[in-house]
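Colleague: There's a structure below that I have some questions on.
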Amino acid sequence: MRSVVGQVSDCPSQISISGTVESELDPTVALEFSWRVLVFSSNPLYDGDRAREAESDNDPTTVYLVDRMVYIDQTDVYDITNASRFFTRPDSPNMIIKGNVLQESTIYKIRLVMDVGGGLVQGYTDVSLETAGLPPRSGTLLCVPLNATMDTRRVISAPDWVANLGPSNGRGHR
């Protein structure tokens, strides 16, 4: 099986995932690349009552082995074929995810699937991404002292800012 390695880069407007085929290729063997988007979320098969029963049971043979969280394929939801959201080509192991496509505070696996020889052999590799929460908002940015020389030490604070992952303690020093 040929191996594919990748590199992720991002800028404010997009995320670029670049793959490289590292093996020598027979020019007569067809390669085709496709992509999947998996989201780390609640497992629909997980039963909290059964998990609590197994946990509270003193019998060591009583176990509940269903994971609470799993990666779920959401490729159809994200619609990779939509050119305003993604750029991919079946002859290239590269992907561009346009800005504002991924959800905040979410863990993703972006999966590159490689078909060799018209589907005779298939392999894949994953890139894991975790998106941040929304930017802080609703606060003020203070600089003390406001007017001073360039050599003066200043304290910058962001009181009362709100963010998805809790309040921001935006304190920094010059």
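Colleague: Here's a check for you: in segment 75-117, which residue that is charged (D, E, K, R) and over 19 Å from S128 (Cα atoms) is surrounded by the fewest Cβ atoms within 10 Å (Cβ to Cβ)? Walk me through how you get there before you give the answer.
Modeller: As a first pass, look at segment 75-117 and keep what is charged (D, E, K, R): 76, 79, 85, 89, 91, 98, 104, 109, 111, 115.
Still in the list and also over 19 Å from S128 (Cα atoms): 89, 91, 115.
Values: R89: 10, D91: 8, D115: 17.
Across segment 75-117, the extreme among qualifying residues is D91.
Colleague: Are there any pairs, at least 6 apart or on different chains, whose C-beta atoms fall under 8 Å, with the first in segment 87-105 and acidic (D, E) and the second assigned to a strand (DSSP E or B), and if so, which?
Modeller: D91/L31; D91/E32; D91/F33
Colleague: Search segment 120-155 for residues being touching a residue at least 60 places away in the same chain (Cβ under 8 Å) and over 20 Å from the mean Cα position of the chain (by Cα), and hand back the single one that is farthest from D73 (Cα to Cα).
Modeller: Taking the candidates together, the pick is V121.
Colleague: OK, next. Which condition number does S3 fail, the rest of (1) exposed (fewer than 11 other Cβ atoms within 10 Å of the Cβ); (2) modelled with pLDDT under 85; (3) hydroxyl-bearing (S, T, Y) being met?
Modeller: Exception for S3: condition (1).
The values are calculated or read from the model by the stated rules, or taken from the named source; none is laboratory data. In this text, all values refer to a predicted model and were calculated from it rather than measured experimentally. FYI the Cβ positions are ideal-geometry reconstructions off the backbone, even for glycines, and counts take in every protein chain you see.
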